[in-house]
Amino acid sequence: MGKIEKPVIYFLFENINFFREVLLKHRINVTYIVKVREGCGFGGNKKSVSNIYPYFSVLKTEYLIADDQIHFDESDLDMALRKKLRNYELIELKPNRPINPMIRWSNFQVHVYKVEIKEGLLTKERIEEIFYPMRKRWGISGE
């Protein structure tokens, strides 16, 4: 397949604090976000990386690589929506040929999504609509 070399920055930092104090504060663009079996609380604050999903337009995120586990914190979501963030669409990218077995990472099924920023503002209803397929696969569809 060849060798691909790209710079990577690795931080040992609690996820949400890193997001707020580095990425958001300095408006750093993050083309790819990877969220797989995050531990949700190992850093001590018990907040999921999925709480940064509303900020894709600010981070100029183009791709999300993620499992289906989502834990939105209601107060974080409300705070994000008050910032008048842009609406977006997640388009699941499918391989050209079936992959057997399915892509798994840390024993979780993983999906790759293209993030397309749309016109209009993000709303709580829109967040629920965007993430309904993930939540349904994870078994927390809210129905």
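Throughout, read-outs are computed from the coordinates displayed, never taken from laboratory work. Just so it is clear, the structure is predicted and the values come from calculations on it, not from any experiment. Counting neighbours? That spans all protein chains shown, and the Cβs are built from the backbone with ideal geometry, glycine included.
Maximal additional length on extending the VAL36-ASP73 stretch stands at 11.5 nm, based on 0.36 nm per residue less the C-alpha distance.
Here the chain carries DSSP beta bridges of which approximately 75% are antiparallel, counting only pairs with both residues inside. Counted residue by residue at 0.36 nm each, then reduced by the alpha carbon distance between them, the extension gain from LYS6 to LEU81 reaches 23.6 nm. If a spin label sat at a point 7 angstrom from the Cα of LYS124 along the line to its beta carbon, the backbone N atoms of the stretch 62-76 nearer than 19 Å would be those of 70-76. Divide the volume of the convex hull around the Cα atoms of the chain by the residue count and you get 146 Å³ per residue.
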